[in-house]
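The structure under discussion is supplied below as structure tokens; questions concerning it will follow.
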Amino acid sequence: KAGVTQTPRYLIKTRGQQVTLSCSPISGHRSVSWYQQTPGQGLQFLFEYFSETQRNKGNFPGRFSGRQFSNSRSEMNVSTLELGDSALYLCASSLGASGGPGELFFGEGSRLTVL
Amino acid sequence: AQKITQTQPGMFVQEKEAVTLDCTYDTSDPSYGLFWYKQPSSGEMIFLIYQGSYDQQNATEGRYSLNFQKARKSANLVISASQLGDSAMYFCAMREGWTGNQFYFGTGTSLTVIP
């Protein structure tokens, strides 16, 4: 069974640009979450999508947005990039149904560097 | 207040010895799940073990066990018979309630296994 796939793995952008990251969840998983990981702030929750609807949102500015498609694939977009957006962006999928552990399965991440 | 606290930034353990990684949590929700993840230098987060708030027994998964002390709000990870491949960052995480997938992560503990 294929794991969570994130593309691209690495990218370099300059301030003011925008970026789109893609995530393909494990087959059958309907929930996709995004996390930002930085050395200073650790892992911070961005948002979660379930069946194409945003179910939860973390405390990030509106420059961070996402969406989920009918096949559960998800994209996140960051507009007007700032230096502080440099981070490892992790996508995680889960079944999303209530009950049971509901552990997250993570991709390898997209490492964004903003110059 | 921090939802998840990991007070050990770095730990060392001799190969084949056991090690305990500390985690305390803060929540007023009676329903929650506690998770431990391992993050090797490659960056991917690997799920290790889960403990539900209503579980009566401590969770175990192979060499991993979770020492769950509900009254003290602690969920320490015990790794028995440490191996060189256990060297990694370890994160404790919590999900409140049973719907939605907003996980709160601790700052992590860097474990180094010494041969």
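What follows is calculated from the coordinates using simple rules that are stated; it is not laboratory data. Keep in mind it's a predicted model, so treat the numbers as computed, not measured. Reconstructed Cβ throughout: ideal geometry from the backbone, glycine too, with neighbour counts over all protein chains shown.
For residue B:73, which of the numbered conditions (1) within 14 Å of chain A (Cβ to nearest Cβ); (2) on the phi > 0 side of the Ramachandran plot; (3) within 14 Å of the chain's Cα centre (by Cα) fails to hold?
Every condition holds for residue B:73 apart from (1).
I'm trying to understand the selection: among the residues of region A:1-58, which are in contact (Cβ under 8 Å) with a residue 60 or more places away in the chain, in contact with a helix residue (DSSP H, G or I) (Cβ under 9 Å, 6 or more places away or on another chain) and β-branched (Val, Ile, Thr)?
A:19
Report whether or not residue B:33 is within 14 Å of another protein chain (Cβ to nearest Cβ) and at positive phi.
Judged against the criteria, residue B:33 is not a match.
Among the listed residues B:59, B:88, B:93, which satisfies the condition of being within 14 Å of chain A (Cβ to nearest Cβ), farther than 20 Å from residue A:42 by Cα and small (Gly, Ala, Ser)? Before the answer, list the steps.
Values: B:88 fails: farther than 20 Å from residue A:42 by Cα; B:93 fails: farther than 20 Å from residue A:42 by Cα.
None of the other options fit; the residue is B:59.
Are any residues in region B:75-115 among the aliphatic types (A, V, I, L, M) and crowded, with 22+ Cβ neighbours inside 10 Å, and if so, which ones?
If we filter region B:75-115 for residues that are among the aliphatic types (A, V, I, L, M), which is where we start, we get B:75, B:77-79, B:81, B:84, B:88-89, B:93-94, B:111, B:113-114.
Passing the criteria: B:75, B:77, B:79, B:93, B:94.
While we're looking at this one, here's another question. Working carefully through the options A:28, A:16, A:102, find the one that is more than 12 Å from every other protein chain (Cβ to nearest Cβ), touching a Ser or Thr at 6+ places or on another chain (Cβ under 7 Å) and in a loop (DSSP other than H, G, I, E, B). Steps first, please.
Numbers: A:28 fails: touching a Ser or Thr at 6+ places or on another chain (Cβ under 7 Å); A:102 fails: more than 12 Å from every other protein chain (Cβ to nearest Cβ).
Result of the check over A:28, A:16, A:102: A:16.
Which condition breaks for residue A:69 when tested against (1) surrounded by 14 or more Cβ atoms within 10 Å (Cβ to Cβ); (2) free of Cβ contacts under 8 Å to residues at least 40 places away in the same chain?
Of the numbered conditions (1) surrounded by 14 or more Cβ atoms within 10 Å (Cβ to Cβ); (2) free of Cβ contacts under 8 Å to residues at least 40 places away in the same chain, the odd one out for residue A:69 is (1).
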